[in-house]
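**Student:** The structure under discussion is supplied below as structure tokens; questions concerning it will follow.
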Amino acid sequence: MKKKIKPRLIIHGGAGSGKGNQKVRFERIRSICKRVQKKLIAGGSALESVVLAVRLMEDSPLFNAGYGSKLQIDGKVRCTACLMDGETERFAAVVNVTRYKNPILIVRNLVEQEHRVLGSKGAEKFARSMGIKPSNTIHPDQLRIWKQRQKGSHGTVGAVAMDSAGHLAAASSTGGIGNEMVGRIGDNCSPAACFCTSKVGVAVTGMGEKITDTALASRIGIRIIDGMNPKQALKQSFLDLEKIGGEAGAICITRSGKISARFNTQTMIWAASEIPIWI
Ligand code: GLY
């Protein structure tokens, strides 16, 4: 008998104050979700789907990642991105990349390597060796915001997918918080930002330091693996985060197909789809 597998996808474009053109961001997120959904329907893997979703958000100046990244206090963009493949349970990240608007593509190549977390120069050298071309990462809008010494609301982009084989993957990418210390890295260098096994995928967004202090994505994921239902795992993990004053958003998918989201900021921009197919 054929087994019904329903691929799933959830993506977010950051959690924060809700300032700025939220409607345009919501529309963009929805259109990216639809495009990636088509890839899943066509049999695309969870891994390639989360990479595509994050790459499309990195390409858009509407989100704080890749080409839309905020500038650090010295006027430079430093992007950090990560992914975790639930099939192999391998995590990879690149940290403080300045000359590549799609750090997630570097991470995609890195996840297959022996050494899987690379910082700035090493990450860019690796990108060149993989034939990935450097690109401008400074968008004029972000340059203006930097000149006005504004911080802007924090945020990150992220995606979690389950494909028709039941494999999960999670990914995340950020431009940081804006006007921060030179070289500051938030949560995106670690499984605090995205966590994935064969049972659950989680990606989070928000204030990186407190997300790291609570290892938020891993904490949510482990609770679900240990048997807590996703709603309860999110609630309990956000209570832990709130005890130390953290602000964040989280998205997740379980192997049984449950899609969940939670945030304690004013808004989180997200979209999700369920795609029933027969294999
Ligand atoms: N979560 C993004 C950052 O704090 O850098």
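The values are calculated or read from the model by the stated rules, or taken from the named source; none is laboratory data. The structure presented is a predicted model; accordingly, all values stated were derived computationally and were not measured. Ideal geometry is used to build each Cβ from the backbone, glycine not excepted, and the neighbour counts take in all protein chains shown. Note: accessible area is taken over every heavy atom of the protein model, side chains too, but ligands, DNA and RNA are not part of it. Shrake-Rupley method; radii C 1.70, N 1.55, O 1.52, S 1.80 Å.
**Student:** Quick check on my filter: what residues within the range 167-182 are of a type outside the set (A, V, I, L, M, F, W, C) and either at pLDDT below 95 or under 15 Å from residue 103 (Cβ atoms) (or both)? Please lay out each step first, then the result.
**Tutor:** Start the filter on the range 167-182 by keeping residues that are of a type outside the set (A, V, I, L, M, F, W, C), which leaves 167, 172-176, 178-180.
Selection gives 172, 173, 174, 175, 176, 178, 179, 180.
**Student:** I've got another one for you. For the range 177-205, name all the residues that are more than 12 Å from the ligand (Cβ to nearest atom) and outside any loop (DSSP other than H, G, I, E, B).
**Tutor:** Of everything in the range 177-205, those that are more than 12 Å from the ligand (Cβ to nearest atom) and outside any loop (DSSP other than H, G, I, E, B) turn out to be 195, 196, 200, 201, 202.
**Student:** Restricting to strands (runs of 3 or more DSSP E) lying wholly in the range 1-106: which have 3 or more residues that are farther than 14 Å from residue 158 by Cβ and not acidic (Asp, Glu)? Break it down stepwise before answering.
**Tutor:** On the way: elements: 8-16, 79-85, 90-97.
In the range 1-106, 90-97 are the strands (runs of 3 or more DSSP E) which contain 3 or more residues that are farther than 14 Å from residue 158 by Cβ and not acidic (Asp, Glu).
**Student:** Continuing with the same structure: Are any of the residues in the range 144-161 crowded, with 20+ Cβ neighbours inside 10 Å, assigned to a strand (DSSP E or B), of a type in the set (A, V, I, L, M) and in contact with a Phe, Trp or Tyr (Cβ under 9 Å, 6 or more places away or on another chain)?
**Tutor:** Looking through the range 144-161, at least one residue is crowded, with 20+ Cβ neighbours inside 10 Å, assigned to a strand (DSSP E or B), of a type in the set (A, V, I, L, M) and in contact with a Phe, Trp or Tyr (Cβ under 9 Å, 6 or more places away or on another chain).
Results for (1) without any contact (Cβ under 8 Å) to a residue 40 or more places away in the chain; (2) among the charged types (D, E, K, R); (3) open to solvent by 60 Å² or more (accessible area, probe 1.4 Å), shown as yes or no for each residue.
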| position | (1), (2), (3) |
| --- | --- |
| 6 | no, yes, yes |
| 9 | no, no, no |
| 31 | yes, no, no |
| 72 | no, no, no |
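**Student:** Kindly indicate whether any position in the range 49-69 is more than 19 Å from residue 175 (Cα to Cα), buried (at least 24 other Cβ atoms within 10 Å of the Cβ) and either at pLDDT 95 or above or not polar (S, T, N, Q) (or both).
**Tutor:** Kept after step one, since they are more than 19 Å from residue 175 (Cα to Cα), are these residues of the range 49-69: 49.
Next cut, buried (at least 24 other Cβ atoms within 10 Å of the Cβ) only: 49.
Checking which are either at pLDDT 95 or above or not polar (S, T, N, Q) (or both) leaves us with 49.
Scanning the range 49-69 turns up at least one residue that is more than 19 Å from residue 175 (Cα to Cα), buried (at least 24 other Cβ atoms within 10 Å of the Cβ) and either at pLDDT 95 or above or not polar (S, T, N, Q) (or both).
**Student:** Exactly one condition in (1) among the hydrophobic types (A, V, I, L, M, F, W, C); (2) in a loop (DSSP other than H, G, I, E, B); (3) within 16 Å of the ligand (Cβ to nearest atom) is not met by residue 241; state its number.
**Tutor:** (2)
**Student:** State all residues of the range 112-127 that are touching a residue at least 40 places away in the same chain (Cβ under 8 Å) and either surrounded by fewer than 16 Cβ atoms within 10 Å (Cβ to Cβ) or among the β-branched types (Val, Ile, Thr) (or both); if no residue qualifies, say none.
**Tutor:** Initial filter on the range 112-127 (touching a residue at least 40 places away in the same chain (Cβ under 8 Å)): 117, 120.
Matches in the range 112-127: 117 only.
**Student:** Let me spell it out: the conditions are (1) touching an Asp or Glu at 6+ places or on another chain (Cβ under 6 Å); (2) open to solvent by 10 Å² or more (accessible area, probe 1.4 Å), and residue 198 meets all of them except one. Which number is the exception?
**Tutor:** Just one mismatch for residue 198, condition (1).
**Student:** Quick one: residue 166 ticks every box in (1) open to solvent by 30 Å² or more (accessible area, probe 1.4 Å); (2) at positive phi except a single one, so which number is it?
**Tutor:** Answer for residue 166: the failing condition is (1).
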